[in-house]
Amino acid sequence: MPPIAKGLILAGIAVVLQLVMELFLIRPLIGMSWGAAAGLGIAGAVVFGLYGFFVGWKEAYDFAPRTIWAFILDVSWSAINTTVGLVWMIWCAIRGTFDNTTAEAKKRGVVLFLGQDAALPGADASTLGTVMGGSWMLHEAVHVQQARIFGPLYWPVYLLSYFTALIARAVTFRFHRIHWQAYGRVVMEDRRMTTLDVDALYREIRKAARHIPPKQRRHAEMLQRLKPHYQAWYNTWLTPDLNREEPAEPFYVLNRRG
């Protein structure tokens, strides 16, 4: 499908949603007049229609069921967060470079602008609404999903979480880098630990293993011989048991790294 057709489809979805929301949901909910609701609906239709056309035309979102549903949330339930993102997009467009080649961003419906200057000072990446500036980070993409889940409650929940963590660190006298520690002490990023050098840890373990006494070595060798058997036993937990009404579920995951 041509990109311009994708843009027109997403723009149409946004226009219809905005008009329906303002006229038939927001208006009776808060007692708004038909004229005010129509004016607000037209304004929203223009803003989010243009946004839909842009992300469709520039192929910032994959044109797939998952991202179309994400877009529907972006221009309805999470519209206030998307509006904040549109303002943030101005900064990112000036200081960064639009990117629609990062597959991880496209399949999550994240509008990505690359370039260190596109992030807030001191950060590798910053995200508001659906717009990420800086470098691609899975952690930042989580904020986009959170906004889609919490909708208009996202910012209250986000700020409450931040200030709760800030106060917790202050009352325990942990003032070193208090903002960054409270805001985003990321433990895992892109399936890798960030607070622990896992590769270095395993190098130390292997180094120590070369100097273990004979008795301990025999014990380790026995465990290695048993390993395929207990792994096979645990794997049976993942397959349906015809004698049970429901498939068995593992209650913990065994570390299989060799």
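Among the residues of the stretch 42-74, not one is more than 18 Å from the chain's Cα centre (by Cα), modelled with pLDDT under 95 and part of a helix (DSSP H, G or I). Gly134 meets each of the listed conditions (1) on the phi > 0 side of the Ramachandran plot; (2) touching a residue at least 40 places away in the same chain (Cβ under 8 Å); (3) crowded, with 21+ Cβ neighbours inside 10 Å apart from (2). For Gly109, the criteria (1) surrounded by 22 or more Cβ atoms within 10 Å (Cβ to Cβ); (2) at negative phi hold in every case but one, which is (2).
Would you call Thr164 in contact (Cβ under 8 Å) with a residue 24 or more places away in the chain, of a type in the set (Val, Ile, Thr), farther than 19 Å from Asp74 by Cα and surrounded by fewer than 17 Cβ atoms within 10 Å (Cβ to Cβ)? In short, no.
Rundown of residues vs (1) at pLDDT 65 or above; (2) not hydroxyl-bearing (Ser, Thr, Tyr), yes/no style:
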position	(1), (2)
His179	yes, yes
Glu189	no, yes
Met193	yes, yes
Leu196	yes, yes
Lys207	yes, yes
Thr236	yes, no
Asn255	no, yes
Gly258	no, yes
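Scan the stretch 88-136 residue by residue and report those that are closer than 21 Å to Tyr158 by Cβ and among the polar types (S, T, N, Q). Selection gives Ser126, Thr127, Thr130.
The values are calculated or read from the model by the stated rules, or taken from the named source; none is laboratory data. Because the structure is a prediction, the values reported are computed rather than measured. In this analysis, Cβ positions are derived from the backbone assuming ideal geometry, glycine residues included, and neighbour counts consider all displayed protein chains.
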